[in-house]
1. Separation of the range 108-168 and the range 229-279 by C-alpha centroid, Å?
2. For the peptides 86-93, 266-273, 154-161, what is the packing order when you average, over each peptide's residues, the other Cβ atoms within 10 Å and list the highest mean first?
3. Among Leu160, Asn22, Val185, which residue has its Cα positioned farthest towards the positive end of the charge dipole of the chain, with +1 placed on the Cβ of Lys and Arg, -1 on the Cβ of Asp and Glu, and the dipole taken about the Cα centre?
4. Quick one: how many Å² of Thr68 are accessible to a 1.4 Å probe, rounded to 10?
5. Could you list the GluC sites (Glu not before Pro) in the range 64-129 that lie in coil according to DSSP, counting only those with at most 13 other Cβ atoms within 10 Å of their Cβ?
6. Compute, for the chain, the length of the dipole vector about the Cα centre, with Cβ point charges of +1 (Lys, Arg) and -1 (Asp, Glu) only. Units Debye, rounded to 20.
7. Ranked from highest to lowest mean number of other Cβ atoms within 10 Å per residue, what is the order of the peptides 173-185, 283-295, 194-206?
8. What is the extension gain from Gln62 to Ile147, computed as 0.36 nm multiplied by their sequence separation minus the C-alpha to C-alpha distance, in nm to one decimal?
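The values are calculated or read from the model by the stated rules, or taken from the named source; none is laboratory data. As the structure is a computational prediction, the values presented were derived from the model and not from experiment. With ideal geometry, Cβ positions are generated from the backbone for all residues, glycine too; neighbour counts draw on all protein chains shown. Keep in mind that these areas ignore ligands, DNA and RNA; they rest on the heavy atoms of the full protein, side chains included. Shrake-Rupley method; radii C 1.70, N 1.55, O 1.52, S 1.80 Å.
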Amino acid sequence: MNLARIYSFLKRDLDIIEESLNEVFQAEHPILHAASTELLKAGGKRIRPVFVILSGQLGRYQPDRVKTVAVSLELIHMATLVHDDVIDDASLRRGQPTIRELYGNRVAMYTGDYILARALEEITQIEDAPVHQLLSRTIVEVCVGEIEQIKDKYNWDQGLRDYLRRIKRKTALLIATSCQLGALVSDLTEAQANNLYKYGYYIGMSYQIIDDILDFTSTEKELGKPSGSDLLQGNITLPVLYAMKDKKFASVLKSAIQANDTLDEEQLGNILYALKNTDAIEQSYQLSELYLQKALKALEELPEGRAKHTLENIAKYIGKRRS
């Protein structure tokens, strides 16, 4: 079973959100319109809207409020992807040319800014100060996380705490906020909203860890980008941090670093081979599983029903993901 089948009963809600995203991208300027529409056509799992909807269904579900939050959060996520591709000099995303590749860095940066501005415009439909405050704090933290990721590129001395703090801001916070905002606009209690925030946070941590594992274990066809591209771009992820404890791997990595400050594809191939001969991948999966169990624990006090059951199944699916 794939992830989309788990929440297939949400198709009508997700179709409405997709239509709203398309309406948001109807920019008057032809380049902005073309660039943002290209991003929308590239698709995506829309997992953040899914979390907003499911969290909302645990309370007094209000379709218009939930849709507004879901659209805003997906727009913020899409804006960060456009900016990420500029920072990483990425040519492909999900197997399609990036906005940066099609239009250049400057247009890509302004396209990302435009999408972010539309997200903030969208959320103004909800007159609820806590909603705006939570969203603003999340955007601030996401930006700090992006700066930290740039700062840590090719920093071989960083530790596990640096990595976990970085992926919290990069991925987990936006998912946690999706869950909490879905709760807030559906009149759940503060305690229930906090439990959903914890669930989203733990799911986000696990999801990013597995993404970082798959960067080493999946094929270019499966990833939509070259295997090991994170490391090639200087991003030190969990499998590398664990593998660095292995003397043979550390020696291969050290030789590659001494030869050049950055890595070329031949050096990357040697590093990937050495990494797969350590237990770093298995250790990474074990940490992911710890976060998943915490996510399931956070759901225990929430109302029973289809929405809660689906949130549990999403967590279990993420834990089993191997491609």
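1. Using only Cα atoms, the two centres lie 28 Å from each other.
2. Numbers: 86-93: 17.0, 266-273: 15.4, 154-161: 11.2.
Descending mean neighbour count gives 86-93, 266-273, 154-161.
3. Of the listed residues, the answer is Leu160.
4. 10
5. Working: sites: Glu74, Glu101, Glu121, Glu122, Glu127; in loops: Glu127.
Loop-located and lightly packed - Glu127.
6. 880
7. Answer by packing, highest mean first, reads 173-185, 194-206, 283-295.
8. Extra length available between Gln62 and Ile147 comes to 27.0 nm.
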